[in-house]
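Bear in mind that the values in this text are calculations on the coordinates, not laboratory data. Just so we're clear, the structure is a prediction, and the values are computed from it rather than from any experiment. We place every Cβ from the backbone using ideal geometry, glycine too, and count neighbours over all the protein chains shown.
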Amino acid sequence: MSSPANVESLGEPQVDRPAALPATQPFYWSVRRELWEHRAVYIAPLVVAGVVVVGFVIRLASLPQTELAVASLPTAPQASNLERPYAIAAAAIIFCALIVGVFYCLGALNNERRDRTILFWKSLPVSDLTTVLSKAFIPLITLPVVVFAITVVTQLVMLILGSAVLLVNGLDPATIWTHWPMLRMSVGLLYCLAILTLWYAPIYGWLLLVSGWARRMPILWATLPLLGLCLVERIGFNTSHIVALLVYRLQGFVSEGFGTEVHGKVIDHLAFLTPGRFFGSPGLWLGLVAAVAFLGAAVWLRRYREPG
Amino acid sequence: MACIEARGLRKSFGATVALDGLDLKVEEGRILGLIGPNGAGKSTLLNAVLGLIPYQGDLTVLGLDPWAARDQLMREVCFVADVAVLPRWMRVGQVLDYVGGVHPRFDRAKADSFLARTQIKKTSRIGELSKGMVTQLHLAIVMAIDAKLLVLDEPTIGLDLLYRKQFYDTLLNDYFDRRRTIIVTTHQVEEIQQILTDVMFIHHGRIVLDSSMEEFEARYVEVTPRPERLAEARALGPIHERKVLGRSILLFDRVDRERLAALGEVRTPSIADLFVAVMGEGPAQGARA
């Protein structure tokens, strides 16, 4: 690409440049850039998974007789008891990913303005739309995929550890594998992650928007005004519609996505899943519309606001 | 083709008018120094040229409307707002990978060979580098981008003299090839005077002086008249007079150099001297090109 050193006459149109520039992948590199900056996206769930496995090993070591007893009785109530650590593992990793997602979004469009690196990012041919979408990609796609992969692997490791304990004690682990609902749990996990992410999309969108708007402390700007609205409504009108709306946004995926309440446990029976009702609920679609609006506003803000 | 052309460019922030119907034309292959006091509209003008802010009026950069075609323009334009704004958390190798991934005109081999001449390690985090090294890294990136227009907005702010000099020398020797256009704003005017081909003064959102350096040198003369010829010199209508060590130095615009040489010692003023003359006495006086 080195330019010819010979001097061309000034003002002459430059015809020597090739019309087709090499293709670039701004979106792909923008997402990679996010993962370089925010390694917590995969490290934090990995740490939680590690902690879960450590806890499981302690459980196996201290209570081998329980495992052994249950393994010899593969009937429904015992199986459900046996599944509990696996469900807790999944719930812990999902919860960790939610926290990571929230803090990621709050910083995503704020840090670049606070440390003025936005001037560097904007000097490159990457549009504001690409930038904002690559940042939304992390909580909406990357985190659920990371959580799914880490959870499935963690559960497999737990299963193998459990089998090893059985073998060491001279028992056949075949029962545990033939009766184990691995596939059912994975499908349930996938469903859970999908509806959770879709349901929370407007929350991530809102956090990204506030992140791009607030000069500092986006966490306060993202939460306190909502709290203020709730207070005004409660005191001024003695109603609590806004509170109900916020609570519905936080919990609604449970009532829309599952047939009966699932306390703490991540679905152990696919019969509980109600995808029809979930995808037919106005709450989902209104939320997605809001998410698109928030992201659109975030793009607009990044474009129109004077950098630096 | 003009690299940048502006007509009636306006921009205000609330009640503050940053660009007040500014007209401007920058030809290709020039190195333009854009000089102005704080708040004169320098950065606003550059932000408009780079498509970072919306504006009123006509503005064309490399044949494009910078606001509407910003993403396209950024493939042809490179800018450094301040060499210190590279992300501190990033590793040197990551920055190069990223720029190479998103910029079609970035030549990785060129950046690598430039960095090989420095102490910078690919595995270092930018936050661990010294300020001078960050400057070298930023330079390596800029110089590996085959841009038609390079905009430098106070690029060397906070750097010591050695790195400032190295920055400009490298740009001029290794980068500028008479086809590219470079625009620089800086408060250290004296450091860049030697490299400029053109100079513009901006004040209150307008261009108050627009001159090539050849024209500048032909037009402006500073004289230190011998005391007995001072009154005679003053009669020729200097645009500015200052006292240094008790002797008057008079700055003339378009007055015959031979005639002035008869009155005392003559020299070409520095841009800084003219800047003080034009800005200090109010831009309305005579300096408008």
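The figures follow:
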quantity: For chain B: relative contact order, % (alpha-carbon pairs under 8 angstrom, 6 or more apart); calculated: 20
quantity: Span-rule helices in chain B, defined as complete DSSP H runs reaching 15 Å or more along the axis (Cα) with Kyte mean at least 0.5; calculated: B:92-102, B:131-144
quantity: Taking N as its residue count, the alpha carbon Rg of the range B:215-280 over 2.2 N^0.38 Å; calculated: 0.99
quantity: Whichever lysines have a C-alpha closer than 23 Å to that of residue B:110, once near sequence neighbours (fewer than 8 apart) are set aside; calculated: A:122, B:121, B:122, B:131, B:148, B:165
quantity: ³J(HN,Hα), Karplus 6.51/-1.76/1.60, whole Hz, each residue of the range B:50-61, x for Gly, Pro; calculated: 8, x, 8, 9, x, 8, 10, x, 9, 8, 10, 10
quantity: Measure of compaction for the range B:2-204 (Cα Rg per 2.2 N^0.38 Å); calculated: 1.02
quantity: Cβ-based charge dipole, the protein assembly as shown, positive-most Cα from B:113, B:157, B:192; calculated: B:157
quantity: Extreme residue, positive dipole direction of the range B:215-280, given options B:233, B:246, B:275 (C-beta unit charges); calculated: B:246
quantity: Simple spin-label estimate for residue A:88 and residue A:149 in nanometres, 7 Å along Cα-Cβ; calculated: 2.7
quantity: Near-label residues of the range B:146-183 by backbone N, under 13 Å of a point 7 Å along Cα→Cβ of residue A:116; calculated: B:153-159
quantity: Paramagnetic label zone (point 7 Å from Cα along Cα-to-C-beta, residue B:64; backbone N under 18 Å) in the range B:173-200; calculated: B:180-183
quantity: Spread of Cα-to-Cα distances over 10 Å intervals beginning at zero, given as percent, for the range B:10-94; calculated: 14, 42, 32, 11, 1
quantity: Alpha carbon centroid spacing (whole Å) that separates the range A:101-168 from the range B:142-193; calculated: 38
quantity: Computed Kirkwood radius, in angstrom, where 1/r is averaged over Cα pairs of the protein assembly as shown; calculated: 28.8
quantity: Length released on extending from residue A:62 to residue A:194, taking residue separation times 0.36 nm less the Cα-Cα span; calculated: 43.9 nm
quantity: Mean-position separation - Cα centroids, the range B:74-98 and the range B:209-227, in angstrom; calculated: 39
quantity: Potential extension, residue B:125-residue B:268 segment - 0.36 nm per residue separation minus Cα distance; calculated: 46.9 nm
quantity: Cβ-derived FRET efficiency at R0 22 Å, residue A:25 paired with residue B:117, nearest 0.05; calculated: 0.15
